[in-house]
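Undergrad: Sharing a structure, written as structure tokens. Questions coming.
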Amino acid sequence: MKSNVSALQSARTSYKPKLPKVFMGNVSKIGMKLGKATHSIADQKEIHQLFSKTYGQPEVSFQSGKSPATFKGAIKVAMVLSGGQAPGGHNVVAGLFDGLKKLNSKNTLRGYLGGPSGLLENKYIEITDKLLKEYRNTGGFDIIGSGRTKLESSDQFHAVAKNLTSAGITALVVVGGDDSNTNAAVLAEYFKAHDIPIRVIGCPKTIDGDLKNDQIEISFGFDTATKVYSELTGNVGRDCLSAKKYWHFIKVMGRSASHIALEVALQTHPNVTLISEEVAANQWTLDQITEQVAKVVAERAAKKKNYGVVVIPEGLLEFIPEIKKLIAELNDLLAHHQEFEKLESAHHKISFVHQHLSVESQKAFGSLPPSIQIQLLADRDPHGNVQVAKIETEKLLIEAVELKLKQWKHQSMYHGKFSGQGHYFGYEGRCAAPSNFDSDYCYSLGFNAAYLVAAGLTGYLSSVRDLLKPADHWKAGGVPLTMMMNLERRHGKDKPVILKALVELKGKPFKTFAAQREKWAVEDDYQSPGPIQFWGPVEVANAAPETLKLERGKK
């Protein structure tokens, strides 16, 4: 990191993150309470068989009492940042480091570089107080980098075990999302099954917001990222009122769930917000979705408003029934036909796919523009998923709506003007300077992970709850990773993975949005939240996400 930092960044490094009260006192007086035995959220028999050594562990919480620490001397802990970046990652590192040092000043922390691949290649740096001074309360994962390497083979597990054991590592902390923490669960099981004395603890990270449940109220980075996207969306709404001539189609991150789109909608009031889970529940086709958007465009045009804002979750296509079926077939097809990779031209790739798809999927595939077809055939991510961020859904919908409006104009059903502008708000939010909420939450997650390590636990996810209360009232503990798992189809096989949390259509956040969207469709009710506030009134600077407030009954 360069030494000539900005005034804001310099000021933020001096911010002191807040902690749950339980961690503020004497180390020897922090006790641990065990809950009841747990079971997986689904596929219990299969998950139990796959995780026989770590399945069924109880939830734990920290409170005043006798310390459960199992290590008498100094310990070495390793950590890895895995998957996409999320604001606050550096504070997880800082919290883990400070927690370990509070337990024992001789404890050390090693950061493996570039994500899980660093564990395989044995590339690391020692985390020191001097190093951390430049990174506290900053965005990004650049202190040690991140990566998406999937750990799934015995050879990989053996290599990780060998590298960590030879270094005298006591525990590994994995900071990541659902797939990354599935890696953590598998590693914990492998180590325990092979009597390797290395504990594994996870931390819940993903701006998508889909790693949450009753025990994990929110994943870190969501608050900051949605504040960034809401600022940008609010700016676009203001541009609509100024220029009065464009329809802005904004795609926001959210591959498997629409939490980001919903949060942005609640903060900014766009004219149309598509929620993937609602599309799936109602079995809406691409044409039906197009017609819904076009109707709002036509209704506003009748009021001389040839402008507007549409918010789209990046994973929308995977929730449209005919496209979802198509993508599933493509995933299996590309996983089992290696000869596809040898085809060079787009024409030959498209022709090859047509020959192997079902009749229904051939029709769906053929209805898409060639540019979208090629994007659907692009390389999969390490987990076998289509890389939806590379699919220009916003441009697809602009083309589809434009075509629908032309048809209506010929039928004298539409008399306005339509000019679409596409935007993708994605990477702009992943490495932003974390909000006060994320700074505190991430620091607490890391600090809490240190105590889970000290308690000798393995196969747990760091959990900090009651997040709408002041930070000193937050509750800290751990949740067994197997508790959140189910089986999903990956690379043509059933794989154990942490269940993704989707938008609940019966939940208060969605119902609040649904009650207002008809009004937002026709009125110019655009809200401009503005940039993240780090100082000022508590209700502004420390504000939690709107969805979290609604879910926890504060609105």
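The values are calculated or read from the model by the stated rules, or taken from the named source; none is laboratory data. Everything quoted here is computed from the prediction, not taken from an experiment. Positions of Cβ are generated from backbone atoms using ideal geometry, with glycine treated the same way; all protein chains shown enter the neighbour counts.
Undergrad: Among all residue pairs at least 6 apart or on different chains, which show Cβ distances below 7 Å where the first residue, located in region 398-413, is among the basic types (Lys, Arg) and the second is outside any loop (DSSP other than H, G, I, E, B)?
TA: Correct list of pairs: LYS404/THR290; LYS404/GLU291; LYS404/ALA294.
Undergrad: Checking the conditions here, which among PHE97, PHE62 is in the same structural domain as MET483 (by TED's automatic domain parsing), farther than 30 Å from GLY429 by Cβ and of a type outside the set (A, V, I, L, M)?
TA: PHE62
Undergrad: Looking only at region 458-494, count every residue that is under 25 Å from VAL93 (Cβ atoms), out of contact with any helix residue (DSSP H, G or I) (no Cβ under 9 Å at 6 or more places or on another chain) and among the aliphatic types (A, V, I, L, M) and tell me the total.
TA: Qualifying residue count, region 458-494: 1.
Undergrad: On to the next question. Does region 521-538 include one or more residues that are in contact with a Pro (Cβ under 8 Å, 6 or more places away or on another chain) and over 30 Å from PRO58 (Cα atoms)?
TA: yes
Undergrad: If you don't mind, another one. If you check PRO58 against the conditions, is it farther than 30 Å from ILE260 by Cβ and modelled with pLDDT under 95?
TA: no
Undergrad: Run down SER371, SER351, SER361 and say which single residue is farther than 27 Å from TRP247 by Cβ, touching a Lys or Arg at 6+ places or on another chain (Cβ under 9 Å), among the hydroxyl-bearing types (Ser, Thr, Tyr) and in a helix (DSSP H, G or I).
TA: After applying the criteria, what remains is SER361.
Undergrad: Can you tell me which of ILE391, ILE350, ILE398, ILE374 is assigned by TED's automatic domain parsing to the domain that holds TRP284 and over 31 Å from the mean Cα position of the chain (by Cα)?
TA: ILE350
Undergrad: May I pose another question? Quickly run through region 303-338 and pick out the residues that are at pLDDT 90 or above and surrounded by fewer than 21 Cβ atoms within 10 Å (Cβ to Cβ).
TA: Hits for region 303-338 are LYS303, LYS304, LYS305, ASN306, PRO321, GLU322, LYS325.
Undergrad: Take the residues in region 128-152 that are within 25 Å of the chain's Cα centre (by Cα) and of a type in the set (Ser, Thr, Tyr), then tell me which one is farthest from GLY84 (Cα to Cα).
TA: Among those residues, the one meeting the criterion is TYR135.
Undergrad: Looking for whichever is closer than 19 Å to VAL174 by Cα, among the hydroxyl-bearing types (Ser, Thr, Tyr) and part of a loop (DSSP other than H, G, I, E, B) here; the options are THR70, THR54. Which one fits?
TA: Result of the check over THR70, THR54: THR54.
Undergrad: How many residues does region 104-127 contain that are hydrophobic (A, V, I, L, M, F, W, C) and part of a helix (DSSP H, G or I)?
TA: Within region 104-127, residues that are hydrophobic (A, V, I, L, M, F, W, C) and part of a helix (DSSP H, G or I) number 2.
Undergrad: Do you know which residues across region 32-53 are surrounded by 15 or more Cβ atoms within 10 Å (Cβ to Cβ) and among the hydroxyl-bearing types (Ser, Thr, Tyr)?
TA: THR38, SER40
Undergrad: Then there's this: Would you mind stating whether SER345 is surrounded by fewer than 16 Cβ atoms within 10 Å (Cβ to Cβ), in contact (Cβ under 8 Å) with a residue 24 or more places away in the chain and either among the small types (Gly, Ala, Ser) or in the same structural domain as ASP494 (by TED's automatic domain parsing) (or both)?
TA: So SER345 fails the test.
Undergrad: Which of the following residues is surrounded by 10 or more Cβ atoms within 10 Å (Cβ to Cβ) and in contact with an Asp or Glu (Cβ under 9 Å, 6 or more places away or on another chain): LYS18, LYS29?
TA: From the options LYS18, LYS29, the qualifying one is LYS18.
Undergrad: Same structure, new question: Which pairs do you get when a residue that is free of Cβ contacts under 8 Å to residues at least 40 places away in the same chain, found in region 62-82, comes within reach of a residue that is part of a strand (DSSP E or B) and crowded, with 17+ Cβ neighbours inside 10 Å, reach meaning Cβ atoms under 9 angstrom, with the pair 6+ apart or on two chains?
TA: GLY65/ILE30; GLY65/MET32; LYS66/ILE30; LYS66/MET32; ALA74/THR108
Undergrad: A follow-up question, please. From ALA161, ALA171, ALA188, grab the single residue that is buried (at least 24 other Cβ atoms within 10 Å of the Cβ) and in a helix (DSSP H, G or I).
TA: Unique residue meeting the criteria: ALA188.
Undergrad: Still on this structure: If ILE250 satisfies every condition in (1) within 21 Å of LYS511 (Cα to Cα); (2) of a type in the set (A, V, I, L, M, F, W, C); (3) crowded, with 18+ Cβ neighbours inside 10 Å; (4) touching a residue at least 40 places away in the same chain (Cβ under 8 Å) but one, which is the exception?
TA: All conditions are met except number (1).
Undergrad: Sticking with this one: I'm trying to understand the selection: among the residues of region 20-46, which are within 28 Å of the chain's Cα centre (by Cα), touching a residue at least 40 places away in the same chain (Cβ under 8 Å), under 15 Å from LEU452 (Cβ atoms) and not in a helix (DSSP H, G or I)?
TA: If the condition is that a residue be within 28 Å of the chain's Cα centre (by Cα), touching a residue at least 40 places away in the same chain (Cβ under 8 Å), under 15 Å from LEU452 (Cβ atoms) and not in a helix (DSSP H, G or I), then PRO20 is the only one that fits.
Undergrad: Quick check on my filter: what residues within region 477-496 are small (Gly, Ala, Ser) and out of contact with any Ser or Thr (no Cβ under 7 Å at 6 or more places or on another chain)?
TA: GLY492
Undergrad: From the list GLY99, GLY95, GLY145, which one is modelled with pLDDT of 95 or more and either in contact with a Leu (Cβ under 6 Å, 6 or more places away or on another chain) or not in a helix (DSSP H, G or I) (or both)?
TA: GLY145
Undergrad: Of the residues THR224, THR233, only one is more than 19 Å from the chain's Cα centre (by Cα), polar (S, T, N, Q) and part of a helix (DSSP H, G or I); which?
TA: THR233
Undergrad: When the residues of region 414-430 are filtered to those that are under 16 Å from the mean Cα position of the chain (by Cα) and not in a loop (DSSP other than H, G, I, E, B), which remaining residue is surrounded by the fewest Cβ atoms within 10 Å (Cβ to Cβ)?
TA: Of everything passing the filter in region 414-430, TYR427 is surrounded by the fewest Cβ atoms within 10 Å (Cβ to Cβ).
Undergrad: Does region 177-185 include one or more residues that are crowded, with 24+ Cβ neighbours inside 10 Å, among the aliphatic types (A, V, I, L, M) and out of contact with any strand residue (DSSP E or B) (no Cβ under 6 Å at 6 or more places or on another chain)?
TA: yes
Undergrad: Which condition number in (1) outside any strand (DSSP E or B); (2) of a type in the set (Lys, Arg); (3) buried (at least 18 other Cβ atoms within 10 Å of the Cβ); (4) in contact with a Ser or Thr (Cβ under 7 Å, 6 or more places away or on another chain) is the one that ARG300 fails?
TA: Unmet for ARG300, out of (1) outside any strand (DSSP E or B); (2) of a type in the set (Lys, Arg); (3) buried (at least 18 other Cβ atoms within 10 Å of the Cβ); (4) in contact with a Ser or Thr (Cβ under 7 Å, 6 or more places away or on another chain): (4).
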